[in-house]
Structure formats: structure tokens, C-alpha cells
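Here is the structure we will look at, set down as C-alpha cells.
Rule-based calculations on the coordinates, nothing more; no lab input. Note that this is a predicted model, so its numbers are computed, not measured. Here Cβ is always computed from backbone atoms with ideal geometry, including for glycine, and neighbour counts include all displayed protein chains.
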Amino acid sequence: MPSPVLIILLLTLSISLSSAQTYNILSYGAKPDGKTDSTKALAAVWAKACASVKAVTISIPKGRFLLRSIVFDGAKCKRKSVTLRIQGTLVAPSDYRVIGNGNYWIFFQHLDGLSVYGGVLDAQGASLWSCKKSGKNCPSGATSIGFQSSSNVVISGLTSLNSQMFHVVINGCRNVNIQGVKVSADGNSPNTDGIHVQSSSTVSILNSKISTGDDCVSIGPGTNGLWIENVACGPGHGISIGSLGKESVEAGVQNVTVKTATFTGTENGVRIKSWARPSNGFAKNIRFQHCVMNNVQNPIVIDQNYCPGNENCPNQVSGIKISDVMFFDIHGTSATQVGVKFDCSSKKPCTGIRLQDVKLTYQNKPAMADCSHAGGTEAGSQGVTRILRPPEFHFQKMETTVRNKQVILKHYVNGFPEESDLMIVTAPDTMELKVKPGSSTILVKNLFLSCDPYMGTFMREPDSGSSEVAVETLSLLDAFIPGKPIAGVGVSEVIDSDDPCFAKGDFVWGIVDWEEYSTINSFGRFKIDISINVPLSYYTGILSVTGLTAYAGFFEICSPKKGEAVFVSAAAGAVGQLVGQFAKLMGCYVVGSAGSKQKVDLLLNKFGFDDAFNYKEEPDLDAALKRCLPQGIDIYFENVGGKMLDSVLMNMKVHGRIAVCGMISQYHIETEEGIQNLPVVVYKRIKMQGFLAFDFIDRFPKYLEFVLPYINERKLVYVEDIVEGLENGPAALVGLFRGQNVGKQVLKIA
């Protein structure tokens, strides 16, 4: 079993596997003297890059390049993935009016696979700040760099100086990774938010330092899935969700994590703010954890009567619903007596607020908490004395025991599983949310569960055939027992630990029962490196057993060569989608089969297969294979069995290789289908090998080293079909057996 520490080290590896055509702006007339306008030169380079069908890198060498406002629009580009490498400094005109009347100084839109590396942006905004402070008629100013309607964006090592307005804006984007960014502006500079995110999903901000005159990070409506980690903030207004409620109809903010952040001399620490007016918006599933406050005026704030300067305040009641917000391990010093302030809406009070291990002091004494219209739990918080203004919602101590909800097997299954074969139950006995000292166990809250085809075989009575064999060979998972929870791969958060390798707040993946909470040992448990910019759900699939299955079967068993013909059955499933893309990366010709038009479209247009067919619409599978692969098949990745395998055998080339991952068509039928063409294996000298992922567990570090660069560079597409709620687990699992899922089937519990 590989060490979790080794895995974490390997997870941080980054390998550059791409080659690109490079255009240097010097070749198009740009001058690195800081005086010559280089806007036309950069626009010419962009036009050249936009017309290329190859991967393109735009190079800005050392020096200072004067630049007016410019838009990089990928809408009409032949290839929407572009890399911008900046070694020098882009400097705005000293006259703030040149760019100040526009929304953006540098603007990217309609791109997929944009990377911006290094460089300095100097917007020279100080003169505009002075104009605003004097009360003169000034332009509002331009955001230094903006990204809109784009996906798979990487911003790394960028420095932004003295922006007129916001430094960096992410709007309407998906899959954005911001890392190693430095933002610097005067602490009194107006409206100079460091990084603003809105209407975007799956965004990470990592390892960055932000010093500015407004929010270090501001999070606007429509943000879903934002991860902020290892960010230093100060001076500035902290990390803020909002302001929300500007509009009566407004998208909500959800699934935001701020972790390992340091705030020094800031106006606020972590904050949620909304205007006091009607709105249908919300903020939910928010986590602030492991934050350090150094002389912060307002370390923890929920302000639903937000009105900066107290001018033109709406003086109504906020309609924003704030729920499920956790403040965990937040400690340090407050510059004011009140370290925690919750001023929530009287119409829609805050609910599910959780304080745990909050330790704030003011002048070496406990800071105070001022709470109104807020309800939730607190545990382990010291150095905070509460003062409550009526009307208030009292905080209750966090529950130390729960009655665990589980998905159990009602009885052994012969034939096709039905939802009625599984049952949602609440355990009759309470479960203590603490591990026993000396037990070397960890207590976890399960977050995501993997639905996998093999789980169907574990529902059968052990003496009825394949289940007994599977249980004997897959030692990490026992046969399902009627009346007990079913089990599978899951992602969990550590709630309590008696194991020195795991700490409270860590995320792990491994085998867990289908239940809300589990007490487990550390065997077969892998710690997740949360600095990797991927959703946690990936650790039920591409970064765990599913991914290793695809990698081991294709590379270790089939030993592919460039130009070979590869056929993948069940190709739109969790394993199949990865095998097909691995084969394309190797330069193979790839064909897949799937069970619907939607899935076939996915293979062709999303995963990049060369050809695909819907096996349900093919009266003759042999003819379909000959049509798509007239020269025969070098490699077959087997997921189906039965008639599909029989037809493939007749189309295999001499010395072909078959990796047998599964035979889902045979799992739930009373009489398994025989293979008529098995003698072909002999005279064609075909290598045909069945396997389990755990046979290759020692290759897991090698697999991570292989796959992570492709994920980081957006060269792999991974599709998940996520169903929410443990109560929907039976439907999700049975739906997988029936082929109703599109991509990796995942059950989200919390």
C-alpha cells in the first residue's frame, strides 16, 4: 500500500507535456521601452494566434510595454486554447482617462483552455484614486484584467499593481485555477478589490498575497464551488461573500471554502454581507477554517444591513437566506471588542451557523460575540464572550451524538436489483461523534459515495456464483450482508481522530459504508491534498479506483502503441471515458460503444473519440465493428461481456490484447451467456486478462504522476453524474445498473 505522504508529494507534481507555436510581440513591432504604444502589436499577435489551428503561446519578453485597453475575444478563433507568457511588465498610460472610461484594461472572453503565466500589470491607478478622493468628476476606472464566458483558465504567477478599480475579475467562467498571484495597491485605494468572482463555478485561488484598499477577495452572486487556500490578506477589507441582495432576483452563492488564510491589519476577516432589501438570493454551504487574525477590526462578520458610508441605505429587511456556514479553527487578535458579529435578517434568520474552535482575544482578554437573528451550534470556542441583542437565536452546543442514517441491503438479490432491495434506515442506537482514546481510529463524515457496477455482484448470496469469487479477490471490501449497510469507495471529512496520520478537518478517500458517519481505521485510507484544484468528488473516480482501473488495464495489460486501433465498450461510463481519452493521448484510433444517442454524442464531441455507435440501435454488432474498425482491433477494453465480447473476438487482430475490467451485461441475469467465439483467442494468439484495480495498487503513485498534468492542463475531460442526498442512493445505484447515468455516477451526501 503506498504511503499517503508519498501520494501527496506525487499529487503536487506538474509535468509540461505540450508543445506550442510561439509568437513574440517584439516581432510585431512592440517596444520594451515603456513609452511606445504596443497595443497594435499585441492585437496583431492575437489575430495570428486566433487564426492558428495549433496550440499557440504568446510571448511578452522582459521590459516595459505600454498598453491601452485591449480585448482578446476567442469567439471566432479556430482554437480557443491559448497560452500567454509574460516575463516583462505591461504598463497602462499615465493619463488615467485613456483606459478609465472603459470597464477593463485587459479583457479575455469566449476561450477554453486559456493560460496566463507570470508578468506584471501596472495600471498606474494612483492618479485616479486622488481624483476620486478630491471629489472631482472622474471616470469610474477600469478593472486591470478580466475573464468572462471562458472555461479551463489558469492564472499563475501574475502580479497586479495599482489597479484603477478591481485587479482581477472572473465572471461567467468555469474551471479557473488562480495560483501564486500577488496584488498590491495602497490600503486607502477605493474599490480596488483584489480578486472578484461571480457567476462562476469550480474556481480556486491558491498561494496568493493580496494587499489592497478593498476586499482581498470578493465573491458575487452565482458563485458555486470556490476554494480559497493559503492566501495572505492585508491591508484590505478581508475575504467577503457579497455584497448580495442588490437585485430582487439574484443567483445565490454556494459551496465556498476559505482555508489557511492569514489576515493582517484588515478591516474585516471573513465576512458575508447583504443589502437590507427584498431578494430571492442565498448563501449556503460556506466553510471558513484554519484562519489567523492579526489585529483585525472585525474578524468574523455576517452583516445583512450592509450599507457602506450609511448613505442612501434601503432601510428594509434583507431577503437573502444565509445557511450552513461553518467557522472552524479561527484564532488570533481582534482590534475591536466585538470579534464575532452576526447581524442577520429578521425576515430570514441565519440558520445552521456553526462555530468550532474559535479563539479570539482583544487586548489579551476574550473578545465578544454580538449575535442577532442567528441560530446554530458552537463547540470548543474559547476566548469569545457572547452578548445577545434581542430578538436573538441562541446557539446550542454542538451535538455529541447522532442517530446515523444508512443505506442497507434488505435481502440477497437474485436477478436484476431494484430500489426496493435497498432501504434507508436510521440506526436505532446513537453514535458518539468522538473516537475512543487508544483506538487508532478516525471518525469521518461521509461526503461523496461512488456508485460502481461491481456492487451489484455483492448483493447476491455468496454461494450463488460471482459474488463469492469477487469477495475472495477484493480483500478491502466484504460481501454485503442483509440488514447491514452496503459499502464502496467514498470521500469523507475527518471529524475526530486518534490516528497521528490524520487530523480533524482532513479529507480522505477509501472504502466506507453507505452512511452519514463512519468510525474506521486508517488501513486503505488516503489523505487528499486539497491544494490540487479538483472537486472532492474526483476522489471517488478519476483520482481513485476508477482512474487506476482505466490506467492499469490500458497501459499495464494492453501496452498500447501509437496508431493502434482501440475499441472501448461502455465507453461513456466512469472507466470507459478515461480509457478512450488515454488512448487518444497515445495517438491511437479510438472507437467506443454506448447505450444512447446522448452518450454517443458525448464520446464524439466531448471525449474526442474517432467513431462511436449506439449498440442498442445496431442489429448486427459484428457489422457495426467492421464498419467502424475495418482493419480490426488491436486493443479491446472490455466492460460488457456477452454478445459484445463474442462479436469483438471475431474482429480482433493477431496478437491483440483484451483487458477485462467488467461484464456488466452478465451481472444481473439468471443464466449467463456463453461465448461462442472463444477459440479465436488461440489461433489469433490474443492476450486476454481479467484484473482488479487493487492488483495494481503499487502503480497508484505512477498513475497520479501520469494523470495530474493532463487534468491541470485541461487535456482530460471528466464527466460526473451527481445525485444529491443519501435517500436517493438506491435510485442512483440501480440507475447505474440500468445504464441511466451519463459519466461517473456519484452520490453526494453533504
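Mind pulling up the Rg/Rh value for the chain? Radius of gyration and Kirkwood radius, both on Cα.
Result for the chain is an Rg/Rh of 1.00.
With the alpha-carbon atoms as the only input, what is the per residue convex hull volume for segment 168-211 in Å³?
54 Å³
Quick one: compute a quarter of the convex hull surface over the Cα atoms of segment 692-750 and quote it in nm².
5.6 nm²
Given the Cα-Cα distance of K653 and A47 and 0.36 nm per residue of separation, how much length would full extension add, in nm?
So the extension gain works out to 213.5 nm.
With a 10 Å radius around each residue's Cβ, average the other Cβ atoms per peptide and rank 573-581, 200-208, highest first.
573-581, 200-208
Quick one: which of 442-453, 585-596, 362-373 comes out on top by average Cβ neighbours within 10 Å, and what's the full order, highest first?
Going by the mean number of other Cβ atoms within 10 Å, highest first, we get 442-453, 585-596, 362-373.
Can you give me the long-range amide H partners of T223? Hydrogens built in the peptide plane at 1.01 Å from N, cutoff under 5 Å, separation of 5 or more residues or another chain.
Placed amide hydrogens put S199, S200, Q254 under 5 Å from T223.
How long is segment 1-213 along each principal axis, judged by its Cα atoms, biggest number first, in Å?
Answer, in whole Å and largest first: 67, 39, 30 Å.
Running Debye on segment 157-268 with equal point scatterers at the Cα sites and no solvent, what base-10 log of I(q)/I(0) appears at q = 0.18, 0.20 Å⁻¹?
So the normalised log intensities work out to -0.81, -1.01.
Just the ratio, please: alpha-carbon radius of gyration of segment 612-748 over 2.2 N^0.38 Å, N its number of residues.
Segment 612-748 yields a ratio of 1.25.
With a Förster radius of 56 Å, plug the Cβ-Cβ distance of N315 and Y117 into 1/(1 + (r/R0)^6) and report the FRET value to the nearest 0.05.
0.70
Over segment 215-398, what portion of Cα pair distances is larger than 20 Å, expressed as a whole percent?
Cα-Cα pairs in segment 215-398 separated by more than 20 Å: 48 percent.
By average Cβ neighbour count within 10 Å, what is the ranking of 633-646, 709-722, 251-264, 615-628 from highest down?
633-646, 251-264, 709-722, 615-628
Using only the alpha-carbon atoms of segment 537-629, report the extent along each of the three principal axes, biggest first, to the nearest angstrom.
Principal extents (largest minus smallest coordinate, Cα): 37, 30, 20 Å.
Can you compute 3J(HN,Hα) from phi for each residue in segment 240-256, using the Karplus curve 6.51 cos²θ - 1.76 cosθ + 1.60 with θ = phi - 60°, rounded to whole Hz and x for Gly and Pro?
10, 8, x, 7, 9, x, 5, 10, 6, 10, 8, 5, x, 10, 8, 6, 10
Report the Stokes-Einstein translational diffusion coefficient (µm² s⁻¹, integer) for segment 79-144, Rh taken as the Kirkwood radius over Cα pairs, at 25 °C with viscosity 0.890 mPa s.
182 µm²/s
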